[in-house]
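Scroll down for the structure; my scribbles are underneath it.
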Amino acid sequence: MKFIKEKEEIIKWGQLLNQRRLLTAKNGNLSLRVQDKQLLITAHDSYLGFLEEEEILLCDLEGTLSGSKKEITTESNLHLGIYKRYPDIKVVLHAHSPATTAFFSLFDSLKSFSFETKFYLSDLQIIPQSRPTVIDVDPVIDALSESKIVVLKNHGVVAVGGSFKEAFGLLELLEEQAKINFMINSGKLGS
């Protein structure tokens with residue numbers, strides 16, 4: 001199976017993540033469950049804003065690739081662990097959203113300034129990271145039982161959902177709220 005339509009969808013959302021500046025260059029990765037025990041996932045060192053079909057790899061839940069010489073993303077253990085634990089999850093997005101990453105490098109909590117934030121981000125958890133790749137995936141996977149989005153302190157964000165639209169919406173909402181929190185905090189700092 002070639003999963004042409006699904007690969008086109010991954011390419012579209014990678015471009016949108018890049019256009020909205022939720023990730024840049026070769027950071028971030030994404031995946032889509034295409035069958036119960038198979039997923040499409042981006043290759044290591046892929047530029048998501050300019051993804052090509054051969055950079056989207058088919059693998060099983062153990063990370064065994066099907067018909068590709070490319071290397072799977074270094075965050076594959078995170079993606080695979082999420083899909084194994086949560087069979088209803090169809091999409092995993094990992095981005096390095098700049099405002100969110102910067103905000104949580106300085107602060108430990110986000111104030112909610114909209115009803116949407118209170119509803120969708122009220123259980124947001126921040127998981128400390130000390131490496132460029134998530135080594136200990138269990139705390140992140142556990143945190144996803146409370147919220148469909150988790151901050152990786154000093155690293156980025158992971159959002160999951162039943163669709164790209166759902167996961168993307170969480171990334172976008174969190175990025176907006178991080179910017180609002182920065183604006184409010186900078187006003188307090190200036191007085």
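The values are calculated or read from the model by the stated rules, or taken from the named source; none is laboratory data. In this text the structure is predicted, and so the values were computed from the model without any measurement. Note: ideal-geometry Cβ built from the backbone for every residue, glycine included; neighbour counts use all protein chains shown.
Miscellaneous remarks
- Of the helices (runs of 4 or more DSSP H) lying entirely inside the stretch 83-191, those containing at least 3 residues that are closer than 28 Å to residue 9 by Cα and touching a strand residue (DSSP E or B) at 6+ places or on another chain (Cβ under 8 Å) are 164-190.
- Looking at 112, 191, 105, just one residue is surrounded by fewer than 20 Cβ atoms within 10 Å (Cβ to Cβ), closer than 26 Å to residue 48 by Cα and at pLDDT below 95, and that residue is 105.
- All conditions but one from (1) within 16 Å of residue 132 (Cα to Cα); (2) modelled with pLDDT of 95 or more; (3) of a type outside the set (Val, Ile, Thr) apply to residue 99; the one that does not is (1).
- Scanning the stretch 79-102 for residues that are closer than 24 Å to residue 178 by Cα, surrounded by 18 or more Cβ atoms within 10 Å (Cβ to Cβ), under 14 Å from the mean Cα position of the chain (by Cα) and not polar (S, T, N, Q) returns 91, 92, 93, 94, 95.
- The residue list 27, 18 contains one member that is at negative phi, part of a loop (DSSP other than H, G, I, E, B) and surrounded by 14 or more Cβ atoms within 10 Å (Cβ to Cβ), which is 27.
- Within the option set 46, 31, 68, being over 22 Å from residue 135 (Cα atoms), touching a helix residue (DSSP H, G or I) at 6+ places or on another chain (Cβ under 8 Å) and small (Gly, Ala, Ser) holds for one residue only, 68.
- Some residue of the stretch 148-155 being crowded, with 22+ Cβ neighbours inside 10 Å, at pLDDT below 95 and at positive phi: no
- Scanning the stretch 42-63 for residues that are in contact with a Gly (Cβ under 8 Å, 6 or more places away or on another chain), crowded, with 20+ Cβ neighbours inside 10 Å and assigned to a helix (DSSP H, G or I) returns a single hit, 48.
- Reported count of residues in the stretch 127-153, each being of a type in the set (D, E, K, R) and touching a Phe, Trp or Tyr at 6+ places or on another chain (Cβ under 9 Å), is 2.
- Flag if residue 78 is within 22 Å of residue 155 (Cα to Cα) and free of Cβ contacts under 8 Å to residues at least 60 places away in the same chain: no
- Long-range neighbours under 7 Å by Cβ, at least six apart or interchain, first residue touching a residue at least 12 places away in the same chain (Cβ under 8 Å) within the stretch 155-179, second part of a helix (DSSP H, G or I) and of a type in the set (Gly, Ala, Ser): 159/167; 160/167; 161/167; 175/99; 178/99; 179/99
- Close pairs (8 angstrom Cβ cut-off, 6 or more residues apart or separate chains): touching a residue at least 12 places away in the same chain (Cβ under 8 Å) and at positive phi in the stretch 40-64, in a loop (DSSP other than H, G, I, E, B) and not hydroxyl-bearing (Ser, Thr, Tyr) anywhere: 45/26; 45/71
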